[in-house]
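The values are calculated or read from the model by the stated rules, or taken from the named source; none is laboratory data. On a predicted model such as this, the values are computed, not experimentally measured, just so you know. With ideal geometry, Cβ positions are generated from the backbone for all residues, glycine too; neighbour counts draw on all protein chains shown. Surface areas here come from the heavy atoms of the whole protein model, side chains and all, with no ligands, DNA or RNA. Shrake-Rupley method; radii C 1.70, N 1.55, O 1.52, S 1.80 Å.
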Amino acid sequence: MKRFVIATILATGFAGSAPAEVRLGVLVPDSGPAGLFGPSSRQAAQLAAEDINATGGIAGEPVTLLFADVGVPPAQAVQSVQRLWRAEGVQGFVGMHDSAVRAAIVSQLRGQVPYVYSAVYEGGECAPDTYVTGETPAQQLAPVIPWLAEHEAAHRWYLIGNDYNWPRDTNAAAQDIIAASGGAVVGEEYVPLGSSDFDASLARIRASGADAVLVTLVGGDSVAFNIAYAAFGLDGQALRLGTLIEENTLAGIGAANAHRLFASMGFFASIDSEAARSFDARLHSRFGAEAAQPNGLGESLYDGLMLMAALGNAAGSLEPGAVAAVADGVRYSSPRGNARLDHNHVAQTIYLADGSSGQFATVARFDTVPAGVSCE
């Protein structure tokens with residue numbers, strides 16, 4: 001698929017010569033297995049930029065967003081980042097994409113510009129001038145797996161994910177959490193990104209005697225797996241827990257295939273809070289019939305941009321050294337509520353939701369869960 005960069009100018013009405021501006025690169029998956037998260041990510045980013053500009057921009061200058069598709073292999077994603085940085089003058093990056101792309105970008109930037117990563121990820125990122133708002137396994141699984149053991153008798157876990165660092169590292173953390181909760185891992189496997197045939201995997205899950213399956217598949221792969229899972233009748237044998245299953249993925253799976261399907265994330269559109277309701281209303285007011293379904297992955301870009309603005313305003317610029325000097329303790333607000341940066345990560349309130357009806361219904365909330373990462 002052809003890669004592209006789109007500039008979105010969100011500050012207007014300045015007379016005379018072109019005003020100074022802060023250019024931010026926004027990295028989203030418009031293609032690949034995670035492409036279904038692209039529209040909601042772009043819209044959330046545009047709302048955030050409008051809100052930042054309405055309150056004075058960053059260090060008194062309006063924000064301009066330049067988007068790039070990073071739902072591509074890491075080497076191609078890095079080329080897009082280089083173009084935005086070197087040719088378009090981007091002063092900071094905010095990205096919601098997979099961890100393999102994040103690792104390539106971190107290696108390329110080497111702390112020369114601030115980089116905020118907003119996606120759910122495996123934890124452990126401590127690169128200089130890299131700041132993380134997304135959920136980690138310590139947040140999504142440490143409180144949830146014991147809850148499922150107590151309330152849903154989930155003790156024998158099968159782990160299935162795509163074959164790259166986020167699923168593998170998430171499952172490594174899950175094994176310790178499962179053991180600590182008195183459970184056992186009865187199977188573990190990884191499939192390439194873009195997989196659609198899961199018959200052999202489903203046969204192994206059935207034979208394992210699992211009563212719970214941890215799903216770390218991305219986007220379209222997760223949809224295909226979960227549809228096939230229900231067709232095999234496995235929803236009667238084992239519940240499913242996804243840490244990357246949001247509203248778009250659930251819609252693709254469908255209510256008929258979602259029996260005993262749970263998700264653990266820091267945001268669902270159905271959260272009963274004024275901030276979440278306001279976000280939903282503003283998306284529909286701003287984008288009308290084109291409004292994308294709000295979800296935790298898309299919404300995370302709003303958080304990422306709000307953190308970038310808070311960092312720049314606290315430092316007086318986006319100069320990396322100045323930002324790093326003030327980063328610890330920086331606060332911002334988003335549809336998730338109020339947040340604080342601590343050792344380059346953000347503590348999250350985690351929600352466990354049941355998607356059995358085809359819509360997520362929150363069944364448990366775990367407040368102010370630390371990221372489980374120290375970047376000292």
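Key figures for this structure:
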quantity: Which listed residue, of Y131, Y121, Y115, is touching a helix residue (DSSP H, G or I) at 6+ places or on another chain (Cβ under 8 Å) and under 18 Å from R83 (Cα atoms); calculated: Y115
quantity: Number of positions in segment 17-47 that are among the hydrophobic types (A, V, I, L, M, F, W, C), farther than 14 Å from M96 by Cα and outside any strand (DSSP E or B); calculated: 3
quantity: Sole exception among (1) over 18 Å from G95 (Cα atoms); (2) at pLDDT 95 or above; (3) out of contact with any helix residue (DSSP H, G or I) (no Cβ under 6 Å at 6 or more places or on another chain) for P320, by number; calculated: (1)
quantity: Condition check for G288: of a type outside the set (S, T, N, Q), assigned by TED's automatic domain parsing to the domain that holds Y332, surrounded by fewer than 17 Cβ atoms within 10 Å (Cβ to Cβ) and over 14 Å from the mean Cα position of the chain (by Cα); calculated: yes
quantity: Long-range neighbours under 7 Å by Cβ, at least six apart or interchain, first residue touching a residue at least 40 places away in the same chain (Cβ under 8 Å) within segment 70-82, second among the hydroxyl-bearing types (S, T, Y); calculated: V70/S80; G71/S31; V72/S31
quantity: Any pair with Cβ under 6 angstrom, 6 or more apart, that starts in segment 273-287 at a residue that is polar (S, T, N, Q) and ends at one that is open to solvent by less than 90 Å² (accessible area, probe 1.4 Å); calculated: none
quantity: Test result for I105, touching a helix residue (DSSP H, G or I) at 6+ places or on another chain (Cβ under 6 Å), in contact (Cβ under 8 Å) with a residue 12 or more places away in the chain and not assigned by TED's automatic domain parsing to the domain that holds A45; calculated: no
quantity: Conditions (1) open to solvent by less than 40 Å² (accessible area, probe 1.4 Å); (2) assigned to a helix (DSSP H, G or I): number failed by A154; calculated: (2)
quantity: Search result, residues across segment 1-46 that are in contact with a Phe, Trp or Tyr (Cβ under 9 Å, 6 or more places away or on another chain) and either at pLDDT below 50 or open to solvent by 60 Å² or more (accessible area, probe 1.4 Å) (or both); calculated: F4, V5, I6, A7, T8
quantity: Test for P39: is it under 13 Å from N248 (Cβ atoms) and in contact with a helix residue (DSSP H, G or I) (Cβ under 6 Å, 6 or more places away or on another chain); calculated: no
quantity: Selection count, segment 350-376, where residues are open to solvent by 70 Å² or more (accessible area, probe 1.4 Å), farther than 30 Å from A127 by Cα and of a type in the set (S, T, N, Q); calculated: 2
quantity: Residues of segment 175-215 that turn out to be farther than 19 Å from D235 by Cβ, in a helix (DSSP H, G or I) and in contact (Cβ under 8 Å) with a residue 40 or more places away in the chain, as a count; calculated: 1
quantity: Cβ pairs under 7 Å, 6+ apart, first in segment 249-272 and of a type in the set (D, E), second open to solvent by 10 Å² or more (accessible area, probe 1.4 Å); calculated: none
quantity: Residue match in segment 128-137 (condition: outside the structural domain of V26 (by TED's automatic domain parsing) and open to solvent by 20 Å² or more (accessible area, probe 1.4 Å)); calculated: no
quantity: Qualifying positions in segment 224-244 - without any contact (Cβ under 8 Å) to a residue 60 or more places away in the chain, under 23 Å from the mean Cα position of the chain (by Cα) and crowded, with 19+ Cβ neighbours inside 10 Å; calculated: A224, N226, R240, G242
quantity: Unique match (being charged (D, E, K, R), over 30 Å from E150 (Cβ atoms) and touching a strand residue (DSSP E or B) at 6+ places or on another chain (Cβ under 9 Å)) among R286, R331, R282, R277; calculated: R331
